[in-house]
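Report on the following structure.
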Amino acid sequence: MSAPALSFNGATMEFPGVKALTDVSFHVHAGSIHALVGENGAGKSTLLKILSGAYRPTAGGLALGDRAQGFRDTSAALAAGVAVIYQELHLVPEMSVAENIFLGHLPRRAGLVDRRELAAAARRQLELVGESIDPATKVRKLPLAQRQMVEIAKALTRGARILAFDEPTSSLSDREVRRLFTIIRDLKARGCAILYVSHRLEEIFALCDRITILRDGRHVETAALGNLTRDEVVRRMVGRELSHIHQYAPRPAVGAGLAIKNLTGPGLAAPVSFAAHAGEIFGFFGLVGAGRTELLRLIYGATEKTGGQVLLQGARVDIAKPRDAIAAGIVLCPEDRKKEGIVAVRSVLENINLSARRRTARAGVFINESWEQANARQRIEQLRVRTPSARQLIRHLSGGNQQKVILGRWLSETVKVILLDEPTRGIDVGAKSEIYGIMQDLARAGVCVIVVSSELPEVLGTADRIAVMRQGRIAAVLDRADATEEKLLRLALPVESTPAA
Amino acid sequence: MSNPTARRAVADFLDRAGMLLVLAALFVVCSVGVENFLSWRNLQGLSLAVSTTGMVACTMLFCLAAGDFDLSIGSVVACAGVLAAVVMTRTGSITLGILGGLGLGALAGYVNGFVVARLRINALITTLATMQIVRGLGFIISDGKAVGIGQENFFLLGNSGFAGIPTPVWITAACFTVFGLVLNRTVFGRDTLAVGGNTEAAHLAGIDVARIKVVIFTVQGLMAAFAGIVLASRMTSGQPNASLGFELEVISACVLGGVSLTGGVGSMGFVIAGVLIMGIVQNAMNLLNVATFYQYVARGLILLAAVLFDRWKRRRQVG
Ligand SMILES: Nc1ncnc2c1ncn2[C@@H]1O[C@H](COP(=O)(O)OP(=O)(O)OP(=O)(O)O)[C@@H](O)[C@H]1O
Ligand SMILES: [Mg+2]
């Protein structure tokens, strides 16, 4: 076999108090899609950041072909044909699509930017990824999936031969995921080497040729995917038997929980009504953009509603802002945790206790330090948050661990209703089943659990009843017994289009 | 192998102790190199000089930590002093004079807070406006001239002392302690940092963002007014053109103390260090007879250095 397109040779990365990578070595070949998996905090993103030149390894490094390389910064990596596409994309929102694609090397004529050439060239690049966006559109106005395509087009413009994707599908709809896969396969056919990070094993088995498994920053195995089963991958990732694989168990509904009457507001096409019982797990399925997040935000008072009522255990509650909702016993774990969840410059401890500290403060004023520490410790254990200590700044945690901290914040509250928006996005398989377990425990304790998810197995596996949202309204509410993947998908698809095969 | 790790550890230590080390070094250098620096008289003068900055830096810390800032404080210091002087002269009552000054400060602060938090106008613009309004009011009230004060008892506030240390310095020390405790030990302090760190997340976590900002600005106004009254007592008059450029001095001291201008980061210990560093440099320059024009340049350079240091720190954390 020819020299691998990319090799990691003993890559090691230490942060104060954390050894993120220890002596990681493996090869990635041209014309192959290579999966990189591991639990939250295993070191996947760190490895990609070394590849992109954002981090310099404390020892070891990488080689392109048979040439050892150490990138001084991201532009050096780009110049060498390496592009890393992060989950938070690195585009300039206020600039046009074309300007973003050619950022740093705009076509010029007589010293000035050649607008016409720029637009034409951008259009050509976008065609390569099958997009027909107007190159003059501001990136800010594009949905996430299209931004991703712009980012890929940008990488191709720089002649990237090695592309790495960090959890690219976690906020995409099914159809967008299929589009992305087509493009990645196309890149592979053109001889690019692809490194693909994801927590969704189904995707990995559908897309990838080879796999590298990391655990605690160490290389566990690199193999052809055909030689491994899903269970084997999981076992090598977590290094233990999963303590309990979540199993649905019926629970009695214990009375009135959350009832919504004729709720209207931005993002909803028609008044929305539904009732979820205490002790019930009530799922919301739908495509990205169906109005589920907006609905939860309206209930929670994060967006101002224009009409309708919220009833809690039969009694009307007035919710004008999140504070009112929390006081009534309703909490929301938001979808966009980076923007709406984490306070990046504060510690894990402070982030966990951000809401609960008001309830536990001494005389309502002074921080109850010992309670907060005990609570932080409990949540860190419960959700297996990988952090050197509760004092660590949350922004130094891996993406999935940040998610867990925010979830932990809302589990610290004693509530009547918990609204979970995509609770397992970016979270590894082990913790996922842990979270399903927690949802069940909450429901069994009489909490009304409302969960929004775009993952079919997740709603089907946890919810007692499932509401399907489509284009800003509830299309149907199904009992668990009647719900099948096919039915849910058919209900979720926009009415104009024919159901996909 | 351990070399980069060791370097990181050193950098990490500098991170945590940085400004305190600078302060200690500066103190030693001045003690050795500047004549009269260590004399009791000079140290008293130095501490008095930093007492005004120190008081207001306490509340500015909260303002910056919440992601805002306040340019109107210099004007409030002057106007509150003038108003207190005028009221005292007219009514003969020290109490009424002090209350008048404080009332003005609280009102100016409340207006700042209301406009920034409820009407969501940028803090830079808002406080730039109140800065000029309040400065103007000071000139109008005093008719542009210094207002002498006849109440001798009032002078005790600024000119008395206890255990050899001037009263204003005691007051400043008390402020450091109280506001330091509020920042670290109370829900209000932690909420302030959360608001500055991520306003949206704080709001969704049930924090009343607007209320916190209004309180911070109001207390900031009160504090500036109080500092102005103490200053008037020290100078035995209210001066409408007192403390020009004071706001920049206070913000500089805070930034020097590692308070992030983007909010969410700050601690009282470092602010104290920042205030002292600024004060010592100023004092040393005076002792060395550095001309005022050069002092401006020097102060600006120090601030620039502090900001660059901050940037370097942040870059290192990211990369
Ligand atoms: N800048 C940093 N400072 C300190 N520790 C860090 C920093 N960046 C990452 N880490 C730590 O390094 C480890 C690996 O993080 P990394 O982001 O690579 O994980 P990951 O495999 O991408 O996880 P996830 O699936 O959650 O995204 C984590 O324990 C994390 O806390
Ligand atoms: Mg990651």
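Given 20 °C and 1.002 mPa s, compute D for the protein assembly as shown with the Stokes-Einstein relation, Rh being the Kirkwood radius over Cα pairs; round to the nearest whole µm²/s.
It comes out at roughly 72 µm²/s.
Place +1 on the Cβ of every Lys and Arg and -1 on the Cβ of every Asp and Glu in the range A:4-238, take the dipole about the Cα centre, and give the residue among A:214, A:45, A:90 whose Cα lies farthest towards its positive end.
A:90
Excluding residues on the same chain fewer than 8 positions from residue A:321, give the aspartates and glutamates whose Cα lies under 20 Å from its Cα.
Leaving aside aspartates and glutamates fewer than 8 places away in the same chain, those within reach of residue A:321 are A:294, A:304, A:335, A:336, A:340, A:413, A:421, B:191, B:200, B:208.
Less than 13 Å from a label point 7 Å out along the Cα-to-Cβ axis of residue A:128: which backbone N atoms in the range A:137-163 qualify, by residue?
Residues passing the 13 Å test: A:150-163.
If one takes the longest principal axis of the Cα atoms in chain A, at what angle in degrees, from 0 to 90 and to the nearest 10, does the Cα axis of helix A:115-128 lie?
80
Rounded to whole Hz and in sequence order, give me ³J(HN,Hα) for the range A:431-440 from the Karplus expression 6.51 cos²θ - 1.76 cosθ + 1.60, θ = phi - 60°, writing x for Gly and Pro.
5, 4, 5, 4, 5, 4, x, 5, 4, 5
Determine the alpha carbon to alpha carbon distance for each of A:19/A:338; A:44/B:213; A:138/A:188; A:19/A:416 and list only those over 32 Å.
A:44/B:213; A:19/A:416
Explain nothing, just the number: dipole magnitude of the range A:282-438 about its Cα centre with +1 on each Lys and Arg Cβ and -1 on each Asp and Glu Cβ, in debye rounded to the nearest 20.
On the way: 25 positive and 16 negative charges, 66 e Å.
The calculation lands at about 320 debye.
Would you mind calculating the relative contact order of chain B from Cα pairs under 8 angstrom and at least 6 residues apart, reporting the percent as a whole number?
RCO, chain B: 32 percent.
In terms of Cα to Cα distance under 18 Å, which aspartates and glutamates are near enough to residue A:49, apart from those fewer than 8 places away along the same chain?
Result set, ordered by chain and number: A:14, A:23, A:39, A:73, A:88, A:151, A:166, A:167, A:216.
Using 0.36 nm times the number of residues separating residue A:120 and residue A:275, minus their current alpha carbon distance, what extension gain do you get?
50.5 nm
Which of the peptides B:232-239, A:413-420, A:98-105 is most tightly packed, and how do the rest follow, judged by the mean count of other Cβ atoms within 10 Å per residue? The partial results should precede the final answer.
Numbers: B:232-239: 23.0, A:413-420: 20.6, A:98-105: 19.0.
Listed from highest to lowest mean packing, they are B:232-239, A:413-420, A:98-105.
Mean separation of Cα pairs under 8 Å and 6+ residues apart, divided by the residue count of the range A:4-238: what relative contact order is that in percent?
For the range A:4-238, the relative contact order is 29 percent.
In deg cm²/dmol, rounded to 500, what helix-only [θ] at 222 nm does chain B give when every DSSP H run of at least 4 residues adds -39500 (n - 2.57) and the total is split over its residues? Present the calculation step by step, with values, prior to reporting the outcome.
Working: 13 runs with 242 residues, N = 319.
My calculation for chain B gives -26000 deg cm²/dmol from helical runs alone.
How would you rank B:217, B:155, A:8, going from fewest to most other Cβ atoms within 10 Å of each one's own Cβ?
Ranked by crowding around the Cβ, least crowded first: B:155, A:8, B:217.
Quick one: which residues, 5 or more positions from residue A:15 or on another chain, have an amide H under 5 Å from its amide H? H modelled 1.01 Å from N in the peptide plane, none for Pro or chain starts.
A:20
Given H placed on each backbone N at 1.01 Å, which residues far from residue A:216 in sequence or on other chains put an amide H within less than 5 Å of it?
A:39
Can you list residues from other chains, or at least 5 along the same chain, whose modelled amide H is less than 5 Å from the amide H of residue A:256?
Placed amide hydrogens put A:278 under 5 Å from residue A:256.
Counting just the Cα atoms, what span does chain B cover along each of its three principal axes? Round to the nearest Å and put the largest first.
Principal-axis extents of the Cα atoms in chain B, largest first: 75, 55, 36 Å.
Values in this text are rule-based calculations from the coordinates and carry no lab data. Computed from a predicted model, the values in this text were never measured in an experiment. All Cβ positions, even for glycine, are placed from backbone atoms using ideal geometry, and neighbour counts span all protein chains on display.
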